[in-house]
1. State the number of residues belonging to the stretch 114-124 that are near the ligand (Cβ under 8 Å from one of its atoms) and at negative phi.
2. Just to be sure, is Leu147 over 25 Å from Asn220 (Cα atoms) and part of a strand (DSSP E or B)?
3. Between a first residue in the stretch 255-277 that is within 29 Å of Ile305 (Cβ to Cβ) and a second residue that is of a type in the set (Val, Ile, Thr), which pairs have beta carbons less than 6 Å apart while being 6 or more apart in sequence or on different chains?
4. Evaluate the stretch 189-208: report whether one residue or more is under 20 Å from the mean Cα position of the chain (by Cα), assigned to a helix (DSSP H, G or I), among the aliphatic types (A, V, I, L, M) and closer than 19 Å to Gly103 by Cβ.
5. Answer with yes or no whether Ile305 is near the ligand (Cβ under 10 Å from one of its atoms) and under 16 Å from the mean Cα position of the chain (by Cα).
6. Report, ordered by the first and then the second residue, all pairs with beta carbons closer than 9 Å, sequence separation of six or more or different chains, a first member in the stretch 235-247 that is closer than 22 Å to Asn218 by Cα, and a second member that is surrounded by 14 or more Cβ atoms within 10 Å (Cβ to Cβ) and among the aromatic types (Phe, Trp, Tyr).
7. Given the criteria more than 10 Å from the ligand (Cβ to nearest atom), among the aliphatic types (A, V, I, L, M) and surrounded by fewer than 23 Cβ atoms within 10 Å (Cβ to Cβ), does Met80 qualify?
8. With the checklist (1) under 30 Å from Ile10 (Cα atoms); (2) surrounded by fewer than 24 Cβ atoms within 10 Å (Cβ to Cβ); (3) of a type in the set (A, V, I, L, M, F, W, C) in hand, flag the one item Ile345 doesn't pass.
Amino acid sequence: MIGFIYKKIIKPILFKYPADDVHNFFLKTGRYFGSKNIIKNSLGKILPYSNNILNQKVFGIDFINPVGLAAGFDYDADLMDILPSVGFGFHTVGSVTCFPYGGNPRPMLGRLPKSKSLLVNKGFKSMGMESVLRKIGKRRGIIPLGLSIGSTNRTYKKIEDMAEDVYSSFEMVLRNDYFDYFELNISCPNLINIENLKEKFDDPIGFSILLNKLSYLNINKPLLIKMHAEKSIEESLSLLEIAKDYKWVTGVIMSNLVKNRDNKSFDKDEILNAPKGNFSGKPTEELSNNLITAVYKKYGDRFVIIGCGGIFNGVDAYEKIKRGATLVQMITGMIYEGPSQIGKINKELATLLKEDGYTNISEAIGIYNK
Ligand SMILES: Cc1cc2nc3c(=O)[nH]c(=O)nc-3n(C[C@H](O)[C@H](O)[C@H](O)COP(=O)(O)O)c2cc1C
C-alpha cells in the first residue's frame, strides 16, 4: 500500500522538482522525522520486516537483515536516527573527505527513469571530516553504522599527498569510537584530484602506496574497499592480490558508479540527453554481479563481500548473495520504488530463502560457486 502511494502519488510530484532539491528535502525531512519519537516509532511499526532467517553475525557485528544504505545518500550523517525505522539493516555515512568541498556545479544529480538509473556528479561533496564527526558526536545508531572515506577533491602534486589526506581522515576518525566499519572509496569516477597524477588509488602502484600509508594506523574496525565497476575483472583482482596481504582489509564492496555511456542498460535517447556525470542503478548491476562471482570464486571467505548495484527487489538482492555477497547495499532502487521497498526486499528474500530450503541466509552465500 505504502509503496503504491509512493509510486503513484508522491514520486510523480517529487520527480517534477530538480533531483538536487528533492535529495536535500529528503535529508531535512529524514533528520526531522528521526528527531521525533512518535514518527520514528510509527514508521518502525509499518516499514521494517524482520525474520530470524535474515540475522547474521558478520565480522563480529550483528546484522538484523542484509540490506544496507550505500554511501552517497547520507553523506553528512543526517539520517542515522530514522533509517532503522525505514527497515535498513545497516547504514553507511559518506563518502566524507578530510577537508570540505561544496561539490560540482549543479546539477549534481539527475534521473534516467527509463534506464532505472540516477546521474551523479557530486565530485565528493562533503562538509569535511571534522564537521561530520562533530555532528555525530556521541550519538549511536541502533543498526551498524559505517563511514566511507574518500580523498578531498583538490589537486595534489603526488599520490603520496593524496594518501596523506586519507590518512589524516582516518587519524581523526580513529580517535572516536563512532563507527562499526569503514569503507575506503578508491573508485569515485570524475574527480579533479586524479587528473594530473600518474598513479591512482585504483591502480596497483597507487593502491599499494595508500595501503602502506594506512598500515601505520591501528585500524581496529572492519574495513572494506569500494571497488570500481568498470575496471576489467583482471584489473580488479590484481588490486585484491595486493589487499589480501593486509590483514585489516576485511572486505570489498562491489561496486561503484559507471561512466561508460555505451552500457546496454541505458535507454538510448535518455543517455544521449544526459549531462556530465556517472550513473547508478540498472547499468551497474551486471558489472557488479560479474565482479562478485569472480572475487568469491578466487578468494572465498578471505574477503567479506558487500554486493551493490542495481538492486530493486528481493530477486536482485538474492542473486548477489548466491554469487557470494554476505550483505547488500542500495540507493537507486529506494528512490524509484520508495522507502517501503527495503522491508519488501527483506520479506522477498526471506521467502526465497525458505523456498530453497535454507534456515539462515548465511547458507545461501556463494551457493552458485560451491
Ligand atoms: C546520489 C549518489 C551518490 C553517490 N555517492 C557515493 C559516494 O560518495 N561514495 C561511494 O562510495 N559511492 C557513492 N555512490 C555509489 C553508490 O554507493 C552505489 O555504489 C551505486 O549507486 C550503485 O548502487 P545502486 O544501484 O543501488 O544505487 C553514489 C550513488 C548515488 C546514487
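The values are calculated or read from the model by the stated rules, or taken from the named source; none is laboratory data. Computed from a prediction, not measured in an experiment: that's the story for all the values here. Cβ: placed from backbone, ideal geometry, glycine included. Neighbour counts: every protein chain shown.
1. Matching residues across the stretch 114-124 total 4.
2. Taking the combined requirement at face value, the residue does not satisfy it.
3. Correct list of pairs: Leu257/Val120; Val258/Thr284; Arg261/Ile271; Gly277/Val120.
4. The answer is no; no qualifying residue exists.
5. For Ile305, the condition - near the ligand (Cβ under 10 Å from one of its atoms) and under 16 Å from the mean Cα position of the chain (by Cα) - is not met.
6. From the stretch 235-247, the pairs are Leu239/Phe207; Leu240/Tyr299; Leu240/Phe303; Ile242/Phe207; Ala243/Phe207; Ala243/Phe303; Lys244/Tyr299; Lys244/Phe303.
7. Answer is yes for this residue.
8. Here Ile345 meets the rest and fails (2).
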